[in-house]
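The values are calculated or read from the model by the stated rules, or taken from the named source; none is laboratory data. In this text, all values refer to a predicted model and were calculated from it rather than measured experimentally. Methodologically, a virtual Cβ is constructed for each residue, glycine included, from the backbone with ideal geometry; neighbour enumeration extends over all protein chains shown.
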Amino acid sequence: MKKILIWLLCLCLLTQSVMAAGASAEQEREEALSALAGQKALAGVSGQELLSLGAEFPAGTSICDWTAYCIGLLKAEKTGQYLSELRRYADERLSDSSVRDVRATEWHRVALTAAALGADPTCFGENNDLDLIALGTYNYAGESLGMQGLNGWIWALIALDSGDYAVPADARYSREEILSAILERQEEDGGFGLARGSSDTDITAMALQALAPYRSECGEAIERALAYLSGSLLDTLDFAYFGTRSAESAAQVIIALCALGIDPAEDERFLRGGGTLLDGLEAYRCADGSYSHEPDVGTGDFMATEQVMLARLALWRLRSGQGSVYALHTSQTESGKRSPLMIVLPLTAAAAVGTLALIGRKKKHE
């Protein structure tokens, strides 16, 4: 009888723990929906569906695509009109990856957005004849995936792993080569930077997002990058991008931690004075649900809001057992790990318009 009572007590405690985790996960989804409402308030279209605004919310622009990505994961709006316009944009802009005035990250962003909205990025465009994954990653025809900086390699790998896409044997770049190009750019301090010679919070966080599926092969590099980020955490529970505190930097770190299976509210490396990175985001929250670029401003910013929205979604997916916010396929294992790879080192390594026309700040989350 005593053993039965102990077993029942353990079962009760486990059930309470699962229920608490579920409630915590759902709270993060609600936070993401609140940020979406804030994005609509900023655009002056509260109560309307952003994906149905057409030219006022133009498909193919960075902030609109990333907001659409979040909406797709939230299943918060109808996606048909936006997808149609994104297909048209891809035909007009992304049919040839050798074009010099288009960055590699544009293929990556559009491919990810298409997948989040329920389309197949390998059969995209109005005639389903564009393979955005091939064009933007392993068969990218531009001078180099890294021509624009390290983020070209990073987002190529994120896009490639978002659906666990196979790479042909005769591809220009193998998955191993893309991974190695990222690893060989790690700085002595453990961080990563857009260009060689300096680290920054945003690129380090994005590099970790790309490296997350390769934890068994890249454990040391990942730990060094985590140590860099932990050492960069301010007492205000956020991060500075070249001296300026920003919501975007905090959001990217949260996304990176979640991709690695780390809850940012629980890892002691990212706690200060009993507070968490989520507490730090409160300095950027505005009354309408949007987020400001810099703290305590009170005026929302489109880019800050979509990136915090994505961070909230990342935490929701982590806490609800759905995996990385960039895992858009069902074949990934529960741990998020891929099969081992042979790594060889070293290797040669758009502003929104319409309603969002006032966005001008250049960031690396493209």
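Conditions tested, residue by residue: (1) more than 16 Å from Leu277 (Cβ to Cβ); (2) out of contact with any strand residue (DSSP E or B) (no Cβ under 6 Å at 6 or more places or on another chain); (3) surrounded by fewer than 22 Cβ atoms within 10 Å (Cβ to Cβ).
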| residue | (1), (2), (3) |
| --- | --- |
| Glu187 | yes, yes, yes |
| Phe192 | yes, yes, no |
| Ile203 | yes, yes, no |
| Ala207 | yes, yes, no |
| Ala212 | yes, yes, no |
| Arg215 | yes, yes, yes |
| Ile222 | yes, yes, yes |
| Ser232 | no, yes, yes |
| Phe239 | no, yes, no |
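In the stretch 239-266, what count of residues is obtained for those that are in contact with a Pro (Cβ under 7 Å, 6 or more places away or on another chain) and in a loop (DSSP other than H, G, I, E, B)?
0
So, in the stretch 271-301, of the ones that are under 22 Å from the mean Cα position of the chain (by Cα) and of a type in the set (S, T, N, Q), which residue ends up surrounded by the most Cβ atoms within 10 Å (Cβ to Cβ)?
Ser290
Can you tell me how many residues within the stretch 70-86 are polar (S, T, N, Q) and closer than 16 Å to Leu313 by Cα? Talk me through it step by step, then tell me what you get.
Taking the stretch 70-86 as the starting set, the residues that turn out to be polar (S, T, N, Q) are 79, 81, 84.
Subsequent filtering for residues that are closer than 16 Å to Leu313 by Cα retains none.
Total meeting the criteria: 0.
Every residue in the stretch 161-174 that is within 19 Å of the chain's Cα centre (by Cα) and either farther than 26 Å from Phe239 by Cβ or among the hydrophobic types (A, V, I, L, M, F, W, C) (or both), please. Spell out how you get there, then give the answer.
Let us first name the residues in the stretch 161-174 that are within 19 Å of the chain's Cα centre (by Cα), namely 161-165.
Hits for the stretch 161-174 are Gly163, Asp164, Tyr165.
Please work out if Gln81 is outside the structural domain of Ile255 (by TED's automatic domain parsing) and closer than 13 Å to Gly289 by Cα.
On the way: outside the structural domain of Ile255 (by TED's automatic domain parsing): yes; closer than 13 Å to Gly289 by Cα: no.
Criteria not met by Gln81.
Go through (1) farther than 16 Å from Leu310 by Cβ; (2) not in a helix (DSSP H, G or I) one by one and return the number of the condition Arg269 breaks.
Unmet for Arg269, out of (1) farther than 16 Å from Leu310 by Cβ; (2) not in a helix (DSSP H, G or I): (2).
Mind listing whichever residues of the stretch 23-41 are more than 13 Å from Thr67 (Cα to Cα) and either of a type in the set (A, V, I, L, M) or in the same structural domain as Ala251 (by TED's automatic domain parsing) (or both)?
Ala23, Ala25, Ala41
Being touching a strand residue (DSSP E or B) at 6+ places or on another chain (Cβ under 7 Å), of a type outside the set (Asp, Glu), closer than 25 Å to Lys78 by Cβ and surrounded by 22 or more Cβ atoms within 10 Å (Cβ to Cβ) narrows it down to one residue among Leu130, Leu112; which is it? Write out each step before concluding.
Values: Leu112 fails: touching a strand residue (DSSP E or B) at 6+ places or on another chain (Cβ under 7 Å).
Answer to the selection: Leu130.
Where the second residue is surrounded by fewer than 17 Cβ atoms within 10 Å (Cβ to Cβ) and of a type outside the set (Phe, Trp, Tyr) and the first is assigned by TED's automatic domain parsing to the domain that holds Ala210 and lies in the stretch 261-279, which pairs have Cβ atoms under 6 Å and are six or more apart or on separate chains?
Note: pairs meeting the criteria are Arg269/Ser230; Arg272/Asp235.
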